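Here's the structure we're looking at; comments come further down.
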Amino acid sequence: MQLQFKTVSEPTKAGEKWKKLFDAYWPGYKEWFLSNNSVSTPDLKTSQEALKQFMPKFWATYQHLCKLTNADADVARFLTGFRPPAYVSACAQAVINTNEIQLVRNYDYHPDLLEGTLLLSKWNNRKVIGSSDCLIGLIDGMNDAGLCLSLTFGGRKEVGWGFGISLILRYVLEFCNTTQEAVLVLKSIPSHMSYNVTVVDKIGEFKTVMLAPNKKTLTTTAAFATNHQGAVYWPENAKFNQTVKRYNFIKNYLNSKDIRSEELAKAFLHPPLYNTKFKEGFGTLYTAVYHPEKLSMQLLWPNASLERTFDNFKEEKLVIQYDQKSHTDNLAQSKEISYRWEEAVVDSLVKSLDSRASIKKQKELREKLMPQGEIAWDAITNYWNEPIL
């Protein structure tokens, strides 16, 4: 399997380049968007009134997008972002603030439904770099104030009255500068499905906001999220995407000692965070790393990477090859990266032992987790197999 990723630079309001993206992707989006039309589907007027009410600052941009696309009723309703059809992704994300502030996320989704566009834009107050979704939205991103955010699916079946999450995320990055401002906006806009949005700003303040239709938005101090919200409400989905296992992995890894930001980024390129069920819609399509202090970001894959900043945003097309093998095997092609990563994981676990632990006990743990010089992921998962508090 292979996918093409592209970086598109249009640091103004949407223009010819965005219109080209629209022309390419709208036929596919139209089929999806109209797939669940029923008597309960909101009409154009209702959708526009909802946009005016909950995202009033975006109204002028919406009108511009409609004009740019010569929008008919279907396009105009789609561009409001209001009550789209349901969609379920997986994903994991975490914030670390050690040697630097960093937001890392894996996007796990069906490959046929990915735009594969990293877009630099300035539709309103701020320049924004982010992974495009539904043409008007973002699934992760950063603005030039250093505000970063990303989403994971929240693990609930309910679909309700509200907006698609990707437009909500773009709205936050267009008009907010700090985590505090972002939280207020996230709490003010209804989401049509359940999502966890992790936010961090350039001074390191972070929050994870849990959105769900017809429920009160919950703001937490969690530095990470996978695909549930406290308890597991959809057991079948949770079992498939291993949300609890991934949650425990991140929780315990962040609690380990002497973790550096670059080590966390590498963790997302390995199981259990990196997933390879691409045909089943649970494969890691990319890893995004945001650096709010540096105003830079990266997209990572086991055998490729790209880096962009607001001042240096080269347009590029990149073809990524995927397979269903463990990407630990792929990374082993680079002995330096593999060695540093495996040593970092094992060292962090050994250091997390009680300081009074004997040298013999430390040695036994190291041999258990890294037999014959190669990391044993099953052993690590069992070692961290703790209940969620």
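The values are calculated or read from the model by the stated rules, or taken from the named source; none is laboratory data. Worth saying up front: this structure is predicted, and the values here are computed from it rather than measured. Cβ placement follows ideal geometry from the backbone for every residue including glycine, while neighbour counts extend to all protein chains displayed.
For residues that are closer than 23 Å to Glu16 by Cβ, in contact with a Ser or Thr (Cβ under 9 Å, 6 or more places away or on another chain) and not hydrophobic (A, V, I, L, M, F, W, C), tally how many sit in region 119-150.
Total meeting the criteria: 10.
Look through Leu173, Leu113 and report the one residue that is crowded, with 24+ Cβ neighbours inside 10 Å and touching a residue at least 24 places away in the same chain (Cβ under 8 Å). Before you say what the answer is, go through the steps one by one.
Values: Leu113 fails: crowded, with 24+ Cβ neighbours inside 10 Å.
Only one candidate passes the filter, namely Leu173.
Assess whether Tyr290 counts as being in a strand (DSSP E or B), in contact with a Cys (Cβ under 6 Å, 6 or more places away or on another chain) and either acidic (Asp, Glu) or at pLDDT 90 or above (or both). Don't jump to the end; show me each part of the working.
Values: in a strand (DSSP E or B): yes; in contact with a Cys (Cβ under 6 Å, 6 or more places away or on another chain): yes; either acidic (Asp, Glu) or at pLDDT 90 or above (or both): yes.
Answer is yes for this residue.
Take Ala71 and tell me if it is assigned to a loop (DSSP other than H, G, I, E, B) and in contact with a strand residue (DSSP E or B) (Cβ under 8 Å, 6 or more places away or on another chain).
Working: assigned to a loop (DSSP other than H, G, I, E, B): yes; in contact with a strand residue (DSSP E or B) (Cβ under 8 Å, 6 or more places away or on another chain): no.
Spelling it out, it is not the case that Ala71 is assigned to a loop (DSSP other than H, G, I, E, B) and in contact with a strand residue (DSSP E or B) (Cβ under 8 Å, 6 or more places away or on another chain).
I'd like the residue in region 51-77 that is free of Cβ contacts under 8 Å to residues at least 24 places away in the same chain and among the polar types (S, T, N, Q) and, out of all such residues, is nearest to Asn227 (Cα to Cα).
Top of the filtered list is Gln53.
I'd like the full set of residues that are in a loop (DSSP other than H, G, I, E, B) and either crowded, with 24+ Cβ neighbours inside 10 Å or free of Cβ contacts under 8 Å to residues at least 12 places away in the same chain (or both), limited to region 78-103.
Within region 78-103, the subset in a loop (DSSP other than H, G, I, E, B) is 79-81, 83-91, 98-100.
Scanning region 78-103 gives Leu79, Thr80, Gly81, Pro84, Ala90, Cys91.
Count, please, the residues in region 211-261 that happen to be under 24 Å from Ile189 (Cα atoms) and under 18 Å from the mean Cα position of the chain (by Cα).
13
Give the residues of region 293-323 that are outside any loop (DSSP other than H, G, I, E, B) and among the hydrophobic types (A, V, I, L, M, F, W, C), sorted by residue number. Break it down stepwise before answering.
Applying the first criterion (outside any loop (DSSP other than H, G, I, E, B)) to region 293-323 yields 296-301, 304-309, 316-321.
Scanning region 293-323 gives Met297, Leu299, Leu300, Trp301, Ala304, Leu306, Leu318, Val319, Ile320.
Select from region 104-137 the residues that are of a type in the set (A, V, I, L, M, F, W, C), at pLDDT 95 or above and closer than 25 Å to Asn237 by Cα and list them in ascending order. Can you show your working first?
The first filter runs over region 104-137 and keeps only residues of a type in the set (A, V, I, L, M, F, W, C), leaving 104, 113-114, 118-120, 123, 128-129, 134-136.
Cutting the leftovers down to at pLDDT 95 or above gives us 104, 118-120, 123, 128-129, 134-136.
Once the filter is applied, which keeps residues that are of a type in the set (A, V, I, L, M, F, W, C), at pLDDT 95 or above and closer than 25 Å to Asn237 by Cα, region 104-137 yields Val104, Cys134.
For residues that are over 20 Å from Val159 (Cα atoms) and part of a helix (DSSP H, G or I), tally how many sit in region 13-48. Full working, then the answer.
From region 13-48, those over 20 Å from Val159 (Cα atoms) are 13-28, 45; that's our starting set.
Now restrict to residues that are part of a helix (DSSP H, G or I): 16-28, 45.
Of the residues in region 13-48, 14 are over 20 Å from Val159 (Cα atoms) and part of a helix (DSSP H, G or I).
Sort through Lys187, Lys266, Lys245, Lys216 and tell me the only one that's closer than 23 Å to Ser89 by Cα, without any contact (Cβ under 8 Å) to a residue 40 or more places away in the chain, of a type outside the set (Ser, Thr, Tyr) and assigned to a helix (DSSP H, G or I). Before you say what the answer is, go through the steps one by one.
Details: Lys266 fails: without any contact (Cβ under 8 Å) to a residue 40 or more places away in the chain; Lys245 fails: without any contact (Cβ under 8 Å) to a residue 40 or more places away in the chain; Lys216 fails: assigned to a helix (DSSP H, G or I).
Being closer than 23 Å to Ser89 by Cα, without any contact (Cβ under 8 Å) to a residue 40 or more places away in the chain, of a type outside the set (Ser, Thr, Tyr) and assigned to a helix (DSSP H, G or I) holds for just one of Lys187, Lys266, Lys245, Lys216, which is Lys187.
Could you run through region 219-242 and say how many residues are farther than 15 Å from Cys91 by Cα, not in a loop (DSSP other than H, G, I, E, B) and not hydrophobic (A, V, I, L, M, F, W, C)? Reasoning before the result, please.
Just the residues of region 219-242 that are farther than 15 Å from Cys91 by Cα, to begin with: 219-222, 230-236.
Next, from what is left, pick out any that are not in a loop (DSSP other than H, G, I, E, B): 219-220, 231, 235-236.
Subset that is not hydrophobic (A, V, I, L, M, F, W, C): 219-220, 235-236.
Here the count works out to 4.
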